[in-house]
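The values are calculated or read from the model by the stated rules, or taken from the named source; none is laboratory data. Source: prediction; values computed, not measured. All Cβ positions, glycine included, derive from the backbone under ideal geometry; neighbour counts span all protein chains shown. Quick note on the areas: whole protein, heavy atoms, side chains included, nothing else; ligands and nucleic acids left out. Shrake-Rupley method; radii C 1.70, N 1.55, O 1.52, S 1.80 Å.
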Amino acid sequence: MTSSMESPTRDYNAAITALNTLQSNFAIVDAIRKSGKGMNKNAIPEMQEWCRRIGYEPSDFDKLNLIHIAGTKGKGSTSAFISSILRQYASDMDAPLKKIGLYTSPHLRSVRERIQINGEPISESMFAKYFFEIWDRLEHFPVDRASDICPAPPAKPVYFRYLTLMAFHTYLCEKIDTAVIECGIGGEYDSTNIIVSPSVGAVTSLGIDHTAVLGDTIEDIAWHKAGIFKSTTRSKSAYTVAQPSSALNVLKQRADAADIALHTIARHPDIESGKIKLGLSADFQKTNASLAVAVAAAHLHNLGVADVPSPTTKDALPQTFVRGLEMTRWGGRCEVRREGKNLIWHLDGGHTLESIRLAAQWFATCIADGGKQKKQQKRVLLFNQQTRDASALATALHQALKEALIPVVGLSSSSEVGDASSEAPLFNHAIFSTNITYASDPAAPPSSSSKSSTGGRYKPDLISINTSSADVSALVVQRALAKVWAELDVGAEVTVMGTIEEAIRDVRRLAAEAADDGVNTVVLVTGSLHLVGGVLEVLEEMPADA
């Protein structure tokens, strides 16, 4: 089955090209969104069917000792904290934890980031190998064979479902000891919820997101997220953090129905006080880290590992836990990068109203600390939000930044939004860009990228066809954002860019001009993980000194 893997036509690039054919196009996504039908209630039976087509029963995945994480905000960061803690036990001869898997979404620069082993994305060759093994099994399965589902699912699942199948297959083949699995959307009908007997489950902070499929109330969303609670959970426990009371009631009801105990985890004292220096900055990461401690402890107890704290402990944590928390890295979430002596990038993929607010507070803290060095700062915003209510998010971002930056940039606390009497704009420059990676480059080989309708080009891993190409080409969203921001942040110079590369060039130009005057340039990149991933790609591949 895999002998053809040696063929150059079945390498990583070929796998990504094939994978991209499984994306749902904008017309389909938009129709689903407008229909108001919610999640596909056949999603789990369909996934079970595809599992069988590739040679598995969902119960086969139980041997991976799965940890299942749902939530609106912080589920990726929480999963990363858990993975990092568990990896500290790799050298413990008595702990069955030599290989830890981590499955998350979306990715930033490379699809391989979604399927990690021991904190590293799988290699391109491993990705291609397992991708085409799944591809071939599905290709060769007789689709006219009797199915328990009517109508029978198509020959291949869509993008995220395919990667979920591939992740489970990869982890079984690579003999993973434990895998941390992050839900995609929701929980009840999420494709990861084919897990039969997880070790432990958790729900991170809840908020309003994906309302077209999850519902538009916090109670509806809580119901979906709590769908990962199962009576077959080995630890007989689930964990969450402080939630709105109505949402917490729903979580409790679903936990009771599954006959498992739900524990609400407060911040651990040593995390809250800053005694433990988390690898991920921002105050809200203390909540994620505390939940990760509880989940990791419950899982280790379930595996029979000795000298593990209680999941709800307030006592000092063992050094394995402390080291795991301090060594956690999770790109694109409260990430700071320095370029040269005077340009500082602050990147956070916040995309909901609440996560935008938290990103704003984090950025304000960062530049306030920088301001203590008594050096002037030029502030630049780089923002995009292609699929949600961009104008509402821009307004929320402005309001949150205004509240956080008042003591930093000298705004009067009584200044009204858009009041020209304000002493300084929030940002000296605001740039609104599409998520297209690179500007047009005729010299680029065809295999290296895919052209967009704007003339720019995407890195293949970053192609997205589930947004309106017409809107992207005409910069509809970006122009709307620019108009809103110009009205809100009076005095800011507002620019629209067609590609991320052009936006970064402009930022670097502004930074060079500021450097001549002895001024630092601080940049906030937010609104979309797709934007942040593209920015990281360009910063890595096109360094300023190149």
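Data for the structure
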quantity	calculated
Solvent-accessible heavy-atom area per residue, rounded to whole Å², over the range 96-229 at 1.4 Å	33 Å²
Taking the chain and dividing mean pair separation by its residue count, relative contact order in percent (alpha carbons under 8 Å, at least six apart)	16 percent
For the range 80-97, Karplus couplings with θ = phi - 60° (6.51, -1.76, 1.60), whole Hz, Gly/Pro x	5, 4, 4, 4, 5, 4, 5, 5, 5, 8, 4, 8, 7, 5, 8, 9, x, 9
When each of Lys75/Lys252; Lys314/Lys341; Lys98/Lys156; Lys41/Lys402; Lys73/Lys402 is checked by Cα-Cα distance, pairs over 31 Å	Lys314/Lys341; Lys98/Lys156; Lys41/Lys402
Sequence-distant residues sharing a close amide H with Val525 (under 5 Å, placed H)	His346, Leu347, Asp348, Leu382
Other-chain or far-sequence residues with amide H under 5 Å of Lys378's (modelled H)	Asn520, Thr521, Val522
Sum of -39500 (n - 2.57) over DSSP H runs of 4+, divided by residues of the chain (222 nm, nearest 500)	-12500 deg cm²/dmol
Rounded to whole Hz, the Karplus (6.51, -1.76, 1.60) HN-Hα couplings of the range 479-487, x for glycine and proline	5, 5, 4, 4, 4, 4, 5, 4, 6
Of all accessible heavy-atom area on the chain, the percent that carbon and sulfur account for (1.4 Å)	51 percent
Table column - 3J(HN,Hα) (Hz), the range 223-236, Karplus curve with 6.51, -1.76, 1.60, x for Gly and Pro	4, 5, 4, 6, x, 7, 6, 9, 5, 8, 4, 5, 7, 6
Paramagnetic reach from Ser125 (point 7 Å along Cα→Cβ, amide N under 19 Å) across the range 151-176	170-171, 173-175
Estimated dipole of the range 229-319 in Debye, rounded to 20 [Cβ of Lys and Arg +1, of Asp and Glu -1, Cα centre]	160 debye
